[in-house]
Amino acid sequence: MSAEPFRLPSGGAIDRTRTLAFTFDGRSYTGHPGDTLASALLANGVRIVGRSFKYHRPRGVFTAGPEEPNALVRVGEGARAEPNTRATMVELYDGLVAQSQNCWPSLGLDIWALNNLLAPLFPAGFYYKTFMAPARAWPAYERIIRRAAGIGAHVPHADPDRYERRFAHCDVLVVGGGAAGIMAATAAARAGADVMLIDERDTLGGHLRGERGGAEILLPYLRELAADKNVRLLPRTTAFGVYDHGTVALAERVTDHLGAAATPSLPRQRLWMVRAREIVIAAGAIERPLVFAGNDRPTVMLASAVRTYINRFAVLPGRRAVVFTNNSDAACTARDLTAAGVEVAAVVDARAGQAVVATTGRSLRAVAISSIDDAGRPIDASRWIDCDLLAVSGGLTPSVHLHSHTGGKLTWEETIAAFVPGTGAANIRVCGAARGVFPLADSLSDGVRAGGVAAQALGLKPPALDLPACAPEEPWSIRPLWEVKSARNMRGKRFVDLQDDVTADDLELAVRENYRSIEHVKRYTTLGMGTDQGKTANLNGLAIVAQRRAETIATVGTTTFRSPYTPVALGALAGPETGKYFEPIRRTPLHDWHAAQGATFVEAGQWLRPRAYPRPGESFNAAWRREVLSVRGTAGICDVSTLGKIDVQGPDATAFLERVYCNGFARLPVGHGRYGLMLREDGIVLDDGTVTRIGERQYFLTTTTSNAGRALAHLEYLLQAVWPELKVRVASVTDQYGQIALAGPRSRDVLGKVADIAVDSAALSFLGSAVTTIAGARVRLLRVSYSGELAYEIAIPAGHTVAVWEALLVAGQEFGLAPYGAEAMAAMRIEKGHAAGAEINGQTTPADLGLARLVSTKKYFVGRRLLERPAMADAARPTLIGLTPVDGVTPIPAGAQLIADARAKPPVKMLGHVTSATFSPTLGRPIALALLTGGMARIDETLVAASPLDGVSVAARVVHPVFYDPAGERLHD
Amino acid sequence: MIDTPVRITARGPLDIAQVAAFGDPAQTAARLSKHFRLTITPAPNRAIVAGDLTVLWHGPGQWLIARAPAATQLADDLAELFGEDAAVVDFSHARAALRFEGDGARDVLATGTSIDLRPAHFSPGACALTALGKIDALLHAVAPETIDVYVARSYAQAFVEWLDAPVISS
Amino acid sequence: MLLIPCPHCGPRSHIEFTYAGDATLRRPADDAPLAEWADYVYLRDNPHGPHREYWHHVHGCRAYVTVERDTATHAIVTPGGEAS
């Protein structure tokens, strides 16, 4: 058997000097550069390439383009395998490996083809009707149905490829590099516009590339465009969606066609988000088939595809052909077949009242032809004609998808029996076959018109453009023939949607069951729901529905067109921001120091914070517990650089802060700080932090790490939208300063050794602030404590943080100073009953957190009025309490619900929940904080902390939330 | 990730400060102009370079000023100049600056920001506040094929990782 | 992507912004009745059509930008009526 038995000896846009080797289902074949996988398979005589979705009928290549419903194969191996790939769009490369799908054990012998015999059990919507009783058997049925559903199998590996995203701007974006698109781009480019011209195929030229003579007449314009530096040509690029305000999303296949020869540094695909001032859609039209019995047999093909395989790929899809058409576009099919040496056994023209009414053969062997009446019913005895190829054409359907994405309307055009774009967005212009202009000469001039109008809309002047000469064409005509009814004695499924195995009878069933909206018919029958979105099916389908309902097609309308136009890889949509790049990692100035010390890190928003510093052989728990004891016993340092820091300046700075915080700041002296509580407008606590007055009109604010952005946005909103008359400026200085907390009874001793000012209690009192120099850096001190020990926070210009940190370590060595991480810090603040994120949870007021004393009664502040609502002071509100396990040893899980009785039957009254929990190294037992209805009024009561999902239930006693040093003696001296 | 040539250099060290007007930005601009002997306007998206000094628009009535380190701190100089008439904030440690040079500079940045970086639309003297990926950035067109990028210090390493390209240290 | 006309930076993609709600709210006086305050904080109109609203240019100049957006068509104009 010679290689490529169906390859023509000459012609085609393939490179015969090079041979490419590929496999399909394990068998080796050859092809050439310029082939698609589909053309190469046809050249090798492979007629059956897959099994259909529901009935597992053998199917062959149907089209030559992106609308392919049948030839869905798995291309590639291992992690690069891609299921459901249209063989018509795969550019052949050396070493390509492809597999058929949806068959077992093999394509030739598929057990699931039993479905075809059982077809009466599987009408549209079958799973609402069959396999329903007995109900307990349904799970078994469902498992089998799920296994059978779908076509390809997913690839259970991480995607190893790289994807890029690119933003671009242009004056005119032309979608479609065929006749109309090239002329539109040329007109706009000659007018001086910045143009992007994209096409989904590897080479521009559009449908002409599949016709005799190819796209020759367009070559001079293409050369001009390629040489114009204001024109960007993007082949292998699909515009898959049009969005608001001139946004078009493009998917560019950068290396898919290269296989193993792809340069590793290039991304596999690139997603372009283009902002275009004017959009020209020259997306062409898609040929639709005819609906008749047995119309899905392998080597029944669209007529334009037959011509394309002959002219562009030099492939014979068969040796003896019949052409079945209802329009003038298919006329040249017979001519091209004959010129290629194919015997044309018959041309069956519905315009002359003839139709194919049945087919036979596992792969096509013969067709039955009959005369039909106006309703598509066979009216005489049919005669059989032997053939191995049937070229069908039911008309051309303009591609209106992109026009429709932004709500463009459609109108029914009787002369072509299809929908064309109606009104739409002002900056989107459709031209050529995409708006129903089919004759080549008209399409070319329509492209020039559209490009010129787009340029004019931008204030440019399009110069005159000479059109290429075209051969005269047969005038356009069509006889709408939406279905050929079954002939008597010639049963056979009449497919409307090949990919989803939807037949004309399924549509009739839906109409009979009174599904009125075409959207419901679609979902009920799955018409148009495959990966091809019904590109070759939808119009036939809705026309059949219209006929059954005796309505006009325009009344039935279309289903909504949604992006993407063709499938887009999730990797392309995700772009480079996956895995560790999903969010940028934010690092403190001390990050490398922590890493070198072997610190365990924890994510806090985008930040990485050290959680603990385990010593060699030390467990995580041992480490942080040691750190707590070290801080409370002597001293420790903690990196708190992640806190939000905000500079507030201006003549009205004090007045502003008075309104922002619920506690008073009007009399805060320069050189002093204060804890500040910021509320939302509804009286709920937004954030807590410190406010240090560093000048008459200048303040340094800190916020919690996670609320830094929210707090800054809140301040900006107040200054811009609410009180624009205030002369205040705010700026985030989070990155300007590293921040170190130095805490513990010996912290003052350590500080005294490194600072160049006095730091005794008289010089630096509680909440006092001062500027000094440490390790040559000018730093600001605030004597404030989060841990409950004597402590200081040191703000350092970021670049000097490491030097200051190391200076503190050296100075603190004699006292046993050690670094402590976020875990130890959290344990200590829980020991002190200090509210943090789990308590400041968007539902709590200051009083709920035990901070009612901070709420000023003398001034207006944000949140004041709604804080005065009676419900905000209701005694039943959950308020902050402490919990300790009754048995003294069992940990109380954070998130556990508080209930009265562990044995209560649901529904159980929930009294509150545990917000924070830890083991207290200081007290030697587990402790927790919780919000409990009734709060401190229930002190000494025993409750149950229950976590049913974990099967945990702990008896706990209500105690004061400040477990350690409740009088705060250790803060002062 | 970069298929056209681009050279990325870390700029620095730089002394940086932000100046924000309280009232009429024109007055603050005039004072800055007099001090630096340059024409500084409140017009948005404009940058001016003179020797080792760069003044960039940084928001309504706000400028970011970058300079090679000198004997005195830039923020101190400006605080003394303005007293209470403008908000001066020290940014000397808050930013990392990278210079992108070459044919591919605009293409690389176009993978991260949706602003129009075409040479005719982002030409020397233009600056813009935007984001590259998820990292806020200030872009400055210094020359036709040279764009400076300023990012917050804490994002600097993440930014270099996002670029996935070699960066020459200063 | 929506194009938001920032009066300072120029038209920018909406991904640079955070949506910040109704821009026509009038803040009640500090001592206004509780019901007025509750309306200000909780009640919003939900118009089908033009809506004057704030977009916070967080990944840009950080200005709170006011636009008028048609909630049905997403057409956006500046409050002065210029289309984006």
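Worth pointing out:
- Residue list for the range B:148-158, restricted to those being assigned to a helix (DSSP H, G or I) and within 7 Å of another protein chain (Cβ to nearest Cβ): B:R153, B:S154, B:Y155, B:Q157, B:A158
- Members of the range C:28-50 that are within 10 Å of another protein chain (Cβ to nearest Cβ) and surrounded by fewer than 15 Cβ atoms within 10 Å (Cβ to Cβ): C:A29, C:D30, C:D31, C:A32, C:P33, C:L34, C:E36, C:Y42
- For the range A:10-25, residues that are closer than 24 Å to A:A260 by Cα and in contact (Cβ under 8 Å) with a residue 24 or more places away in the chain total 8.
- Inside the range A:112-144, residues that are aliphatic (A, V, I, L, M), closer than 18 Å to A:F495 by Cβ and part of a loop (DSSP other than H, G, I, E, B) make up a count of 2.
- Checked against the criterion of being part of a strand (DSSP E or B) and either more than 13 Å from chain A (Cβ to nearest Cβ) or in contact with a helix residue (DSSP H, G or I) (Cβ under 8 Å, 6 or more places away or on another chain) (or both), the range B:68-87 has at least one qualifying residue.
- A:S371 being closer than 24 Å to A:R548 by Cβ and either under 47 Å from the mean Cα position of the chain (by Cα) or assigned to a strand (DSSP E or B) (or both): yes
- Complete set of residues in the range A:34-48 that are more than 31 Å from the chain's Cα centre (by Cα) and on the phi < 0 side of the Ramachandran plot: A:D35, A:S39, A:A40, A:L41, A:L42, A:A43, A:N44, A:V46, A:R47, A:I48
- Residue list for the range A:908-927, restricted to those being in a loop (DSSP other than H, G, I, E, B) and either at negative phi or touching a residue at least 40 places away in the same chain (Cβ under 8 Å) (or both): A:V908, A:K909, A:M910, A:L911, A:P921, A:T922, A:L923
- Looking only at residues in the range A:40-97 that are among the small types (G, A, S) and not in a loop (DSSP other than H, G, I, E, B), the one that is surrounded by the fewest Cβ atoms within 10 Å (Cβ to Cβ) is A:G78.
- Of all residues in the range A:844-871 being hydroxyl-bearing (S, T, Y) and under 42 Å from the mean Cα position of the chain (by Cα), the one that is farthest from the other protein chains (Cβ to nearest Cβ): A:T844
- Selection count where residues are part of a helix (DSSP H, G or I), within 14 Å of chain B (Cβ to nearest Cβ) and buried (at least 22 other Cβ atoms within 10 Å of the Cβ), scope the range A:788-829: 3
- Inter-residue pairs, beta-carbon under 9 Å, first under 15 Å from A:A653 (Cα atoms) and in the range A:670-685, second part of a strand (DSSP E or B) and at pLDDT below 95, 6+ apart: none
- Matching strands (runs of 3 or more DSSP E) fully within the range A:638-753 where at least 1 residues are touching a Leu at 6+ places or on another chain (Cβ under 6 Å) and under 30 Å from C:Y19 (Cβ atoms): A:644-649, A:672-679, A:685-695, A:698-703, A:729-732
- Selection within the range B:9-54: residues that are modelled with pLDDT under 95 and acidic (D, E). The member of this set that is farthest from the chain's Cα centre (by Cα) is B:D24.
- The range A:530-576 - residue that is surrounded by fewer than 17 Cβ atoms within 10 Å (Cβ to Cβ), without any contact (Cβ under 8 Å) to a residue 60 or more places away in the chain and part of a loop (DSSP other than H, G, I, E, B) and, of those, farthest from the chain's Cα centre (by Cα): A:A550
- Where B:S114 falls short, out of the listed (1) touching a residue at least 60 places away in the same chain (Cβ under 8 Å); (2) closer than 20 Å to C:H56 by Cα; (3) at the interface with another protein chain (Cβ under 9 Å from one of its Cβ atoms): (1)
- Residue check, A:R632 more than 39 Å from the chain's Cα centre (by Cα) and closer than 23 Å to A:R748 by Cα: yes
- Residue list for the range A:515-529, filter: out of contact with any strand residue (DSSP E or B) (no Cβ under 9 Å at 6 or more places or on another chain) and touching a residue at least 60 places away in the same chain (Cβ under 8 Å): A:Y524
- Residue match in the range A:877-897 (condition: in contact with a His (Cβ under 6 Å, 6 or more places away or on another chain) and either more than 28 Å from A:Y786 (Cα to Cα) or in contact (Cβ under 8 Å) with a residue 24 or more places away in the chain (or both)): yes
This table checks each residue for (1) farther than 21 Å from A:E823 by Cβ; (2) hydrophobic (A, V, I, L, M, F, W, C); (3) modelled with pLDDT of 95 or more.
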| site | (1), (2), (3) |
| --- | --- |
| A:T915 | no, no, yes |
| A:L923 | no, yes, yes |
| A:R938 | yes, no, yes |
| A:T942 | yes, no, yes |
| A:H972 | yes, no, no |
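- One residue alone among A:A433, A:A441 is surrounded by 24 or more Cβ atoms within 10 Å (Cβ to Cβ) and outside any strand (DSSP E or B), and that residue is A:A433.
- Considering the range A:872-890, the residues that are among the small types (G, A, S) and part of a loop (DSSP other than H, G, I, E, B) include one that is farthest from the other protein chains (Cβ to nearest Cβ), namely A:G888.
- Search result, residues across the range A:315-331 that are in contact with a Phe, Trp or Tyr (Cβ under 7 Å, 6 or more places away or on another chain), in a loop (DSSP other than H, G, I, E, B) and surrounded by fewer than 24 Cβ atoms within 10 Å (Cβ to Cβ): A:L316
- Single unsatisfied condition, C:P7 versus (1) within 14 Å of chain B (Cβ to nearest Cβ); (2) surrounded by fewer than 16 Cβ atoms within 10 Å (Cβ to Cβ): (2)
- Filtering A:E603, A:E583 for residues that are free of Cβ contacts under 8 Å to residues at least 12 places away in the same chain, among the acidic types (D, E), within 14 Å of chain B (Cβ to nearest Cβ) and more than 30 Å from A:P69 (Cα to Cα) leaves a single hit, A:E603.
The values are calculated or read from the model by the stated rules, or taken from the named source; none is laboratory data. The structure displayed is predicted, hence computed values, not measured ones. Every residue, glycine among them, receives a Cβ derived from its backbone with ideal geometry; neighbour counts consider all protein chains shown.
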